[in-house]
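Heads up: the structure comes next, in structure tokens.
The values are calculated or read from the model by the stated rules, or taken from the named source; none is laboratory data. Because the structure is a prediction, the values reported are computed rather than measured. Please note: Cβ atoms are built from the backbone with ideal geometry, for glycine as well, and neighbour counts cover all protein chains shown. Calculation scope for accessible area: heavy atoms of the full protein, side chains included, ligands and nucleic acids excluded. Shrake-Rupley method; radii C 1.70, N 1.55, O 1.52, S 1.80 Å.
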Amino acid sequence: MNSAWFGDSYDIVKRFFVDILKRNGYSVTVDPMFTGTWQQIEEPFHRFIGAERLSDAEWPSSRSRTALLLDPDTGVGAKATRKHVTLERIVDELERYEIVFSFDQSFSRGQSAEEKMSEKLNGLRKKGAYGFYYNSHAKFLFAARQPDELVLIKEAFVATGLPETRFWNQAGTN
């Protein structure tokens, strides 16, 4: 997350997802993957998004339902960079969290977004995880070890009135 983009429409979508997860019993943590200068706006960012800071010291073992928002500048890529998170990181985080979701605008112009989303979802499956995309101008990849966990979350999003057609699942359909 680059500080220059704080408060944009993508952040409003992030807050929406965090709010719905919290309403459904999840404790939500965010790894903002900060780039740029954050000294003055780190606290307002966490307050606006509504998720706790990522810190082992703040993580009580008594929590049962947990979610992690990964917020790279660009999205899910083949290599970990300051602007990209990898499928490997997402799967690794599923050892600690029931749901891991990431902002993802990492799509090449030579391949359709649907093909790339399917490729990433298939990559998750090969690593033992399941996923779906929220497919809009702000794309988000949601992942879990258990498919039932994703069904419940997707149903919670749809129950708010969000069209089911905005979700892209394993098979590339809604």
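One decimal place: the segment residue 22-residue 158 gains 47.4 nm when fully extended, by the rule 0.36 nm per residue minus the C-alpha distance.
Give the shape of segment 75-174 as rounded, prolate or oblate, defined through the alpha-carbon gyration tensor: a ≥ b ≥ c are the square roots of its eigenvalues, a/c under 1.5 means rounded, and otherwise the shape is prolate if a/b is larger than b/c and oblate if not. Before the final figure, lay out the partial values.
On the way: a/c = 1.64, a/b = 1.13, b/c = 1.44.
Oblate shape, in that a/c is at least 1.5 and b/c is the bigger or equal ratio.
May I ask you to list the trypsin sites (Lys or Arg not before Pro) in segment 72-167 that are in a DSSP loop and have at most 11 other Cβ atoms within 10 Å of their Cβ? Walk me through the numbers before you get to the answer.
Values: sites: 79, 82, 83, 89, 96, 109, 116, 120, 125, 126, 127, 139, 145, 154, 166; in loops: 79, 82, 83, 96, 109, 127, 139, 145.
Taking segment 72-167 and a limit of 11 other Cβ atoms within 10 Å, the loop trypsin sites (Lys or Arg not before Pro) found are 79, 82, 109.
Rolling a 1.4 angstrom probe over the protein heavy atoms, how many square angstrom per residue are accessible across segment 66-174? Before the final figure, lay out the partial values.
Details: 4980 Å² over 109 residues.
Result: 46 Å² of accessible area for each residue.
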